[in-house]
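K.L.:
Here you go, one structure.
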Amino acid sequence: MEIRILTEADVEAYHELRLQSLLESPEAFLTTYEIQVVRSLAEIASGLRPDEGRFTLGAFLAGKLVGMVTFVRESKPKIIHKGNIYAMYVAPEARGQGAGKRLVSELINKASKLDGLEQINLTVISENAAAKALYASCGFEVFGIERNAMKSQDQYWDEEDMVLRLKQR
């Protein structure tokens, strides 16, 4: 399995996996399939362009993109010491093979090299035991729960806020 930063050249594979993630686990993401399916490849490619405080990692199995996770550092001066994990997903055929752990570990490794970064935050659906266990195994700790954090039609989902502290005060 290869883990690497995605670039604009990966846009089609990324878009396909992103749509798959939204169809399979709509409750796990803030956006929807309906919103993402109509986005242009140019717009998606621009979001994939890595920079100082933002990158998306991909996991490849036999040359196929099977997992992804995005890191975004905060940009405002008083919160620039924090970054966030978004859009974590591993396709069913790659689960149980360490792809998720490798993606999160590599994200932590790359993000921790950013000057002044002290913590990485994420939110996870409270009912997603596998994701919570993965994040805990990487050192993340729950610091809060938001009840009814997301809603679709008449269904609500609670989210747990998790943090990995890279540096102690």
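K.L.:
Is there a residue being farther than 23 Å from M150 by Cβ and open to solvent by less than 70 Å² (accessible area, probe 1.4 Å) anywhere in the range 82-94?
P.N.:
yes
K.L.:
Spot the failing condition for R49; the list is (1) of a type in the set (K, R); (2) under 18 Å from K110 (Cα atoms); (3) surrounded by 15 or more Cβ atoms within 10 Å (Cβ to Cβ); (4) out of contact with any Lys or Arg (no Cβ under 8 Å at 6 or more places or on another chain), and only one is missed.
P.N.:
(3)
K.L.:
Limited to the range 112-157, what total is found for residues that are at pLDDT 95 or above, acidic (D, E) and under 12 Å from A28 (Cα atoms)?
P.N.:
Total satisfying the criteria: 0.
K.L.:
Applying the selection to the range 129-146, what residues are touching a Ser or Thr at 6+ places or on another chain (Cβ under 9 Å) and open to solvent by 60 Å² or more (accessible area, probe 1.4 Å)?
P.N.:
I145, E146
K.L.:
Could you list, ordered by first residue, the pairs with Cβ atoms under 7 Å in which the first is in the range 130-159 and farther than 14 Å from I120 by Cβ and the second is loosely packed, with under 11 Cβ neighbours inside 10 Å, at least 6 apart or interchain?
P.N.:
If the second residue must be loosely packed, with under 11 Cβ neighbours inside 10 Å, the pairs left are Y156/N148; D158/R147; D158/N148.
K.L.:
Does R18 qualify as being touching a strand residue (DSSP E or B) at 6+ places or on another chain (Cβ under 8 Å), free of Cβ contacts under 8 Å to residues at least 24 places away in the same chain and surrounded by 14 or more Cβ atoms within 10 Å (Cβ to Cβ)?
P.N.:
Numbers: touching a strand residue (DSSP E or B) at 6+ places or on another chain (Cβ under 8 Å): yes; free of Cβ contacts under 8 Å to residues at least 24 places away in the same chain: no; surrounded by 14 or more Cβ atoms within 10 Å (Cβ to Cβ): yes.
It is false that R18 is touching a strand residue (DSSP E or B) at 6+ places or on another chain (Cβ under 8 Å), free of Cβ contacts under 8 Å to residues at least 24 places away in the same chain and surrounded by 14 or more Cβ atoms within 10 Å (Cβ to Cβ).
K.L.:
Give the number of residues within the range 67-81 that are touching a helix residue (DSSP H, G or I) at 6+ places or on another chain (Cβ under 8 Å) and either in contact (Cβ under 8 Å) with a residue 60 or more places away in the chain or loosely packed, with under 13 Cβ neighbours inside 10 Å (or both).
P.N.:
Residues in the range 67-81 being touching a helix residue (DSSP H, G or I) at 6+ places or on another chain (Cβ under 8 Å) and either in contact (Cβ under 8 Å) with a residue 60 or more places away in the chain or loosely packed, with under 13 Cβ neighbours inside 10 Å (or both): 1 in total.
K.L.:
Would you mind finding the one in V124, V104 that is outside any strand (DSSP E or B) and under 14 Å from the mean Cα position of the chain (by Cα)? Steps first, answer last, please.
P.N.:
On the way: V124 fails: outside any strand (DSSP E or B).
Answer to the selection: V104.
K.L.:
What number of residues in the range 20-36 are under 21 Å from R54 (Cα atoms) and either part of a helix (DSSP H, G or I) or more than 16 Å from the chain's Cα centre (by Cα) (or both)?
P.N.:
3
The values are calculated or read from the model by the stated rules, or taken from the named source; none is laboratory data. Just so you know, these numbers come straight off a predicted model, no measurement behind them. Counting neighbours? That spans all protein chains shown, and the Cβs are built from the backbone with ideal geometry, glycine included. The accessibility values were calculated without ligands, DNA or RNA, using every heavy atom of the protein model including side chains. Shrake-Rupley method; radii C 1.70, N 1.55, O 1.52, S 1.80 Å.
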